[in-house]
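I have placed the structure first, in the form of structure tokens, so that the comments after it can refer back to it.
The values are calculated or read from the model by the stated rules, or taken from the named source; none is laboratory data. Treat the numbers as computed from the prediction; the structure is a model and nothing was measured. In this analysis, Cβ positions are derived from the backbone assuming ideal geometry, glycine residues included, and neighbour counts consider all displayed protein chains.
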Amino acid sequence: MRDANEALIVIDVQNDFCPGGALAVADGDAVVPLINDILADFSVCVFTQDWHPAGHSSFASSHAGKAPFETTEMPYGTQVLWPDHCVQGTNGGAFHPGLVTDPAHMILRKGFRPQIDSYSAFFENDQTTATGLEGYLRSRGVEKITLVGLATDFCVAFSAIDGAKLGYDVTVLEQACRAIDLDNSLANARADMLAAGVKLET
Ligand code: VGL
Ligand code: ZN
């Protein structure tokens with residue numbers, strides 16, 4: 001059992017990020033048994049769920065003439081446009097059916113504001129709107145976080161880097177993560193995580 005000041009944060013293990021889903025990550029479902037195994041070691045467990053309203057501004061379908069994986073400029077910076085995914089209440093937005101979710105203490109939903117995407121579990125993509133996770137972890141005395149889930153190069157990496165900036169001791173368990181890997185995004189995300197002081201563990 002890990003110390004009481006350590007939390008496991010399971011990022012976005014949802015049907016749309018698994019094979020057959022709308023934004024499928026290659027081999028995404030391979031993380032499920034690994035996560036189920038390590039859950040019991042942690043006394044603080046948080047799961048996140050990407051949770052967009054229909055017509056979300058991160059969807060290419062909301063931008064005339066744009067195709068998925070192109071980018072657009074938002075007031076908060078450059079945004080990759082995605083296929084419609086993780087729409088609130090749909091099967092694609094549900095957790096993978098094999099994921100053991102009963103031990104979750106908190107399920108944090110993000111990306112629900114129509115005009116802002118949210119990769120990180122701590123801050124939306126404007127890098128200022130807080131999700132509330134920091135307050136939850138602080139009030140439970142958490143100082144060290146371990147991140148697993150999908151996708152390594154987007155939601156896991158953004159969460160890890162924000163966690164390190166907030167002063168947490170952050171580890172990403174890479175074998176329990178899978179990447180989208182768009183235009184070298186995995187190598188870039190690994191370099192950015194290392195530069196932020198995140199530990200990458202296999
Ligand atoms: C994610 C792209 C769009 C993720 C979420 O969970 O990594 N990626 N929405
Ligand atoms: Zn999303």
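Structure above, values below:
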{"quantity": "Region 145-197: number of residues that are of a type in the set (S, T, N, Q), outside any strand (DSSP E or B) and free of Cβ contacts under 8 Å to residues at least 40 places away in the same chain", "calculated": "4"}
{"quantity": "Any chance Tyr136 is out of contact with any strand residue (DSSP E or B) (no Cβ under 7 Å at 6 or more places or on another chain), buried (at least 16 other Cβ atoms within 10 Å of the Cβ), aromatic (Phe, Trp, Tyr) and modelled with pLDDT of 95 or more", "calculated": "no"}
{"quantity": "Meets criteria (under 13 Å from Gly149 (Cβ atoms), modelled with pLDDT of 95 or more and under 16 Å from the mean Cα position of the chain (by Cα)) for Val80", "calculated": "no"}
{"quantity": "Condition broken by Thr72, with the remaining ones in (1) more than 13 Å from ligand 1 (Cβ to nearest atom); (2) assigned to a loop (DSSP other than H, G, I, E, B) satisfied", "calculated": "(2)"}
{"quantity": "Total residues in region 169-183, condition exposed (fewer than 15 other Cβ atoms within 10 Å of the Cβ) and within 16 Å of ligand 2 (Cβ to nearest atom)", "calculated": "1"}
{"quantity": "Selection status of Ile116, surrounded by fewer than 16 Cβ atoms within 10 Å (Cβ to Cβ) and touching a Ser or Thr at 6+ places or on another chain (Cβ under 9 Å)", "calculated": "no"}
{"quantity": "Restricting region 75-89 to residues that are more than 13 Å from ligand 1 (Cβ to nearest atom) and either touching a residue at least 40 places away in the same chain (Cβ under 8 Å) or touching a strand residue (DSSP E or B) at 6+ places or on another chain (Cβ under 8 Å) (or both), the residue that is nearest to Ile38 (Cα to Cα)", "calculated": "Gln88"}
{"quantity": "Enumeration of residues in region 37-61 that are farther than 26 Å from Gly132 by Cβ and either under 17 Å from the mean Cα position of the chain (by Cα) or not charged (D, E, K, R) (or both)", "calculated": "Ala60, Ser61"}
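Residue-wise test of (1) surrounded by fewer than 20 Cβ atoms within 10 Å (Cβ to Cβ); (2) closer than 21 Å to Val172 by Cα; (3) out of contact with any helix residue (DSSP H, G or I) (no Cβ under 9 Å at 6 or more places or on another chain).
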{"site": "Asp3", "(1), (2), (3)": "yes, yes, yes"}
{"site": "Leu8", "(1), (2), (3)": "no, yes, no"}
{"site": "Ile35", "(1), (2), (3)": "no, yes, yes"}
{"site": "His52", "(1), (2), (3)": "no, no, no"}
{"site": "His56", "(1), (2), (3)": "no, no, no"}
{"site": "Asp84", "(1), (2), (3)": "no, no, no"}
{"site": "Thr90", "(1), (2), (3)": "yes, no, no"}
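Rundown of residues vs (1) modelled with pLDDT of 95 or more; (2) under 21 Å from Pro83 (Cα atoms); (3) polar (S, T, N, Q); (4) surrounded by 16 or more Cβ atoms within 10 Å (Cβ to Cβ), yes/no style:
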position	(1), (2), (3), (4)
Ala104	yes, no, no, yes
Leu108	yes, no, no, yes
Asn125	yes, yes, yes, yes
Gly149	yes, yes, no, yes
Thr152	yes, yes, yes, yes
Ile161	yes, no, no, yes
Gly167	yes, no, no, no
Met193	yes, no, no, yes
